[in-house]
Amino acid sequence: MINKSEILNKRKNLDPTLRLQLSDLIADKIIGMPEYKDSDTVLIYADYNNEVATDKLICRALLDSKSVYMPVSNPDYTLDFYRVYAIDELISGTYGIREPLRIEYLKLDKAKISSKCICITPGSVFDSDCNRMGYGKGFYDRFFAECDIKNRIGIAFELQIVPHITVNEHDIPLSAVVTEQNIYRRKQINTNNGE
């Protein structure tokens, strides 16, 4: 059985300098991925509570002239994404997480998400088949169920990877998970019984 709190405790106890070094390695791997290179829109969160640091990725996406959108959590456990033009636009929001201003004309139109969109996704625990455990509220699973985003990429430290996560029908797998050591890709499953 997965002990999520033990894994989160290990992440919390990472030396701050090492956490930033590992985060830089992860950012460099993302920047080198075809999904990133081919994207025109990047959905990305602001790191919180010792997650993989995302500021480098946010700044790089802005420098690469990509449309960058960041999430705001709602009381009904849904997410809305708002466009940002600079990292210093972020304010302290729900749970103390940095988030963009809720300006309606900067809100992502979910109906217009293209195949060139990439979503950098947080989580507490991941497996090598790109399943994830979030933090228990289902924000991203709801968002992915509502929006057709092909490039769902989790970022984590290798210590957050476990052999297997048991999933339920509401859990939506990622297309890839990137750590400082590996890029895990979702295995394609043949669903037409070999026909």
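Annotations
- Point-charge dipole on Cβ atoms (K/R +1, D/E -1) for the range 99-158, about Cα centre, debye to 20: 240 debye
- Take every pair of alpha-carbon atoms less than 8 Å apart whose residues are at least six positions apart; their mean separation over the length of the chain yields a relative contact order of 21 percent.
- Considering only TYR36, LEU106, SER65, and ranking their Cα positions along the charge dipole of the range 1-118 that arises from unit charges at the beta-carbon of Lys, Arg, Asp and Glu, the one farthest toward the positive end is TYR36.
- Binned Cα-Cα distances of the range 4-90, short to long, each 5 Å bin given as a whole percent: 3, 13, 21, 20, 19, 15, 8, 1
- Student exercise, the chain dipole from Lys, Arg, Asp, Glu Cβ charges, in Debye to nearest 20: 60 debye
- Taking the helices alone, the chain has a mean residue ellipticity at 222 nm of -7000 deg cm²/dmol, built from -39,500 (n - 2.57) per DSSP H run of at least 4 residues and averaged over all its residues.
- Given charges at Cβ of Lys, Arg, Asp, Glu: the range 99-195 dipole, positive-most of ILE149, PRO163, TYR184: ILE149
- Long-range HN-HN contacts of ASN151 with modeled amide H, under 5 Å: CYS119
Each value in this text was obtained by applying a stated rule to the coordinates, not by laboratory testing. Since we're looking at a predicted model, the values are computed, not measured. When we count neighbours, we look across all protein chains shown, and the Cβ atoms used for this are built from the backbone with ideal geometry, even at glycine.
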